[in-house]
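Computed from the coordinates by the stated procedures, all read-outs in this text should not be read as laboratory data. Keep in mind the model is a prediction, meaning the values are calculated, not measured. Note: ideal-geometry Cβ built from the backbone for every residue, glycine included; neighbour counts use all protein chains shown.
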Amino acid sequence: MIRWLGALLILAGCAASSVTADEAPREIPSPEQRVTVPGAEGTPLRALLYLPPAPSRPAVIALHSCSGIGPAERPIRLPAHQRDWAIRLLEAGHPVLFPDSFGSRGLGEACGVRGFPAGPLGVRRSDALAAADWARAQPWGRNQPPVLIGWSHGGSTTLAAWATAPPGALSAAIAFYPGCGQGEAAATGTAPLLMLLGAEDNWTPPQPCERIARRAPGLITFETYPGAHHGFDGLAGAVRSRVLPNGRSVSLGPEGAARADSRARVAAFLATNAGPP
């Protein structure tokens, strides 16, 4: 129990301090490993793997947003907020694996692209589950059901994979500002699920996700943050507008209180559902 509480405090970080200030990005202290993992229909995916000095908790499969994590011709590079999450998860004892669903297939960004070939409900869902099976079978995976965590497009992928994963395949799932509009009639998973949503999100509005959560109280928990837009866990900057390739105008940017509270909620959720065996 003491170890769990310590991990919770590490993940929560400075939630009690000023929550409105920008935060400087950090580099991951753990050595970075570039590995290849199986994806949908046997497609090899390049991935980044980070291992804590003494893995003690289930592996986390971290699923990137619609921006991807690098084109095929360049090495993978994580956005600052995803590096920050990786650090927090590592410090709590979780191995962390970032599979690249886009660059591995020679694809660019998916944001606002109609008919994108690596969608959350198909290819990426299978990528996530294949990566989870691979991680569980590694020595550092310790045959523990992994955790899925994803942001935006990766959050939608998390929901799709969670809904169709066989019982016992996942310890838990965490979705940051996912798109739930296409999945309201989807099957319900069996692992605990946490959804973290922004009340002002006009890219992936929270209401469909809230309706899903209310169908399975106890199994699904959610928090909708007042004043928070898409990407509220970003480390720095202000809310900004973006016009997507499909012509849609959306807003995104960090919100300090939501960022801090989401860290505390993720820490508590993992301590309860993905602690040491």
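Taking Lys and Arg as +1 and Asp and Glu as -1, the other residues whose beta-carbon sits under 12 Å from that of PHE98 total +1. For region 205-250, the spread of Cα positions along the three principal axes, ordered from largest to smallest, is 36, 27, 14 Å. Sorted ascending by nearby beta carbons within 10 Å, beginning with the fewest, CYS180, CYS209, CYS111 become CYS111, CYS180, CYS209. Using every pair of distinct Cα positions in region 120-190, the Kirkwood expression returns a hydrodynamic radius of 12.0 angstrom.
Of the options (i) 47, 45, 39; (ii) 52, 41, 36; (iii) 63, 39, 31, only one is Cα extents along the principal axes in Å as computed from these coordinates, and that is (i).
Is the shape of region 175-277 rounded, prolate or oblate, going by the alpha carbon gyration tensor and its root eigenvalues a ≥ b ≥ c, with a/c under 1.5 for rounded and a/b larger than b/c for prolate? It is oblate, given that a/c is not under 1.5 and a/b is not larger than b/c. The packing ranking, built from the mean of other Cβ atoms within 10 Å per residue, places the peptides 235-242, 50-57, 63-70 in the order 63-70, 50-57, 235-242, highest first. At an R0 of 22 angstrom, the distance between the Cβ atoms of THR272 and THR36 translates into a FRET efficiency of 0.10.
Label-to-label distance, ALA24 versus ALA264, with points set 7 angstrom from Cα along the beta-carbon direction: 2.6 nm.
Taking the number of Cβ atoms within 10 Å of each Cβ as an exposure proxy, the fewest-first ranking of PHE269, PHE232, PHE116, PHE102 is PHE116, PHE269, PHE102, PHE232.
FRET efficiency for the pair ASN143 and VAL243, taken as 1/(1 + (r/R0)^6) with r the Cβ-Cβ distance and R0 = 51 Å, rounds to 0.65.
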